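To keep things clear, I will list the structure first and then write my remarks on it.
The values are calculated or read from the model by the stated rules, or taken from the named source; none is laboratory data. Computed from a prediction, not measured in an experiment: that's the story for all the values here. Please note: Cβ atoms are built from the backbone with ideal geometry, for glycine as well, and neighbour counts cover all protein chains shown. To get the accessible areas, we keep the full protein, side chains included, count just its heavy atoms, and leave off ligands, DNA and RNA. Shrake-Rupley method; radii C 1.70, N 1.55, O 1.52, S 1.80 Å.
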Amino acid sequence: MTIEDKQIINPTHEMLIEAGWELYTTPELTDEERFEQEKLNLQNEIYNYDTSAEVNIFYMNGMPMWLDKSTRAGLMLRLQAEEMIGKENTTLWYDVYQFTIPLPTAKQLLYLIEAYASACYDNTQMHLAAVKKLTTMVEIERYDYTTGYPEKLRFDF
């Protein structure tokens, strides 16, 4: 910083004030701005919940797992290809775990997971739409976005 043509390397507080430095403070939010910010915060909580293991989970032989949309789509293509060449069983992998199951069972499993994921998506969208309609801080504070999700799938082979 330079004061009166002098280079100051370690200015004092008084020197900073003299040079025109001002403390920047965040302006106070209006009640309406605070309300809209809390709605956005609640929507972010809903998105985080939607992508968490509280929602994105199913159990195979008691083991928790999840297959994202692209993995489910890829597996369905695999199963269709294996079906077309006459295979009766398929091998599915999750991490280091191998599951050999009949092809029709594997397809049914993927259909059930896709239906579960779709129901979860619809429920999340319902919560996001409901939050947009909230009109008071009390409604925001009391809103429970964990409701309405389908029961977790459990498969045992």
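Points to keep in mind about this one:
- Filtered by the rule that a residue be touching a helix residue (DSSP H, G or I) at 6+ places or on another chain (Cβ under 9 Å) and under 13 Å from Asn56 (Cβ atoms), region 115-134 gives Ala117, Cys120, Tyr121, Asn123, Thr124.
- For the residues Pro102, Pro27, the requirement of being open to solvent by less than 90 Å² (accessible area, probe 1.4 Å) and under 30 Å from Val131 (Cβ atoms) singles out Pro27.
- Scanning region 71-91 for residues that are open to solvent by less than 50 Å² (accessible area, probe 1.4 Å) and closer than 29 Å to Tyr47 by Cα yields Arg72, Gly74, Leu75, Met76.
- Any hit, region 132-151, residues being basic (Lys, Arg) and touching a Leu at 6+ places or on another chain (Cβ under 6 Å): no
- Looking only at region 112-156, residues that are open to solvent by less than 50 Å² (accessible area, probe 1.4 Å), within 22 Å of Leu40 (Cβ to Cβ) and in contact with a Lys or Arg (Cβ under 8 Å, 6 or more places away or on another chain) come to 3 in all.
- Region 35-70, subset more than 17 Å from the chain's Cα centre (by Cα) and open to solvent by 30 Å² or more (accessible area, probe 1.4 Å), residue modelled with the lowest pLDDT: Asn61
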